[in-house]
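So the structure is just underneath, and the comments pick up after that.
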Amino acid sequence: MSVNEIEVPIRRLDPDLPPPGYAHPGDAGADLVAAEDVELAPGERRLVPTGIAVAIPQGWVGLIHPRSGLAVKHGISMVNTPGTIDAGYRGEIKVLLINTDPAETARFSRGDRIAQLLFQRVDQARFVEVEELPESVRGAGGFGSSGLSTLG
Ligand SMILES: O=c1ccn([C@H]2C[C@H](O)[C@@H](COP(=O)(O)OP(=O)(O)OP(=O)(O)O)O2)c(=O)[nH]1
Ligand SMILES: [Mg+2]
C-alpha cells in the first residue's frame, strides 16, 4: 500500500544542506540536520538551526521528535519534545537539543541528522463552558490511580 503524502512547500535557507529526508520508505519522520557545528556539555541545552523553513498546510501540525539512536548512544534528547511547528510558522525550524549524559560532551557537525519531523492532522477545539461535565468511568482519578508498576 502506498504512503499518504501531503505537499509541504520548503525553503532551504542554507542551500548547501540536504533537505529533510526519510531514511526508509514508509518512515514516519523525515530527518532534520544541524545547520552548524554544536558542542553540548553534560546537562547543556542549545537551540540548533536546521536551515529550513516550511509552510505546513492548515489542519496539520509538524512535530519534532528526538532520534532514538542518539538518545540510546549519547543521551541526546530535546527539552520540549515533541516540538510543535504551527501551520502558520514561516521561520527557520530549530531543535532544542539537550545532552542528558552525566559525563560525556556531545559533538555534532553541520549536516548531521539531529531530530526528525513528523506531520499529523490536528483539529481545533471549540471550548463550550458548562456547569457539569458528563460522567465517566474514570472520573477524576489520575496520576497512578489505576496502580503503578512493580516500582510502586
Ligand atoms: O522545537 C520547536 C518548537 C517551536 N518552533 C517554532 C515553530 C512554532 O510554530 C513556534 C512556536 O512554538 P511554540 O508554540 O511551541 O512556542 P511558544 O513558546 O508558545 O511561542 P509562541 O508564543 O511564538 O507560540 O516556534 C521550532 O522551530 N522548534
Ligand atoms: Mg505557541
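Quick note: the coordinates plus some simple rules give every number you see, no bench work behind them. None of these values were measured; they are calculated from a predicted model. When we count neighbours, we look across all protein chains shown, and the Cβ atoms used for this are built from the backbone with ideal geometry, even at glycine.
What's log10 of I(q)/I(0) for the stretch 44-94 at q = 0.13 Å⁻¹, Debye sum over Cα points only, no solvent?
Log10 I(q)/I(0), no solvent term: -0.36.
Which three lengths, in whole Å and largest first, does the stretch 3-118 cover when its Cα atoms are put on their principal axes?
Each principal axis gives a Cα extent; for the stretch 3-118 these are 42, 26, 23 Å.
Rounded to the nearest 20 Debye, what is the dipole magnitude of the stretch 28-75 about its Cα centre when Lys and Arg each give +1 and Asp and Glu each give -1 at the C-beta?
Details: 4 positive and 5 negative charges, 40 e Å.
For this selection, approximately 200 debye.
Using label points projected 7 Å from each Cα along Cα→Cβ, tell me how many nm separate ASP16 and SER109, to one decimal.
Each label point is offset 7 Å from its Cα along the Cβ direction, giving 1.3 nm.
R0 = 22 Å: FRET efficiency of THR81 with GLU36, Cβ-based, nearest 0.05? Let's see the in-between values first.
Values: r = 21 Å, r/R0 = 0.94.
Taking R0 as 22 Å, the efficiency between THR81 and GLU36 is 0.60.
Under the 0.36 nm per residue contour assumption, what length would be gained going from the current alpha-carbon distance of ASP101 and ILE6 to full extension? Walk me through the intermediate numbers first.
Values: separation 95, 0.36 × 95 = 34.20 nm, distance 3.68 nm.
Using 0.36 nm per residue and subtracting the Cα-Cα distance, I get 30.5 nm.
For ASP27, project a label point 7 Å along Cα to C-beta. Then give me every residue of the stretch 95-114 with its amide nitrogen under 14 Å of that point.
112-114
Charges only on Cβ, +1 for Lys and Arg, -1 for Asp and Glu: so what's the dipole of the chain about the Cα centre, in debye to the nearest 20?
Numbers: 14 positive and 20 negative charges, 52 e Å.
Approximately 260 debye in magnitude.
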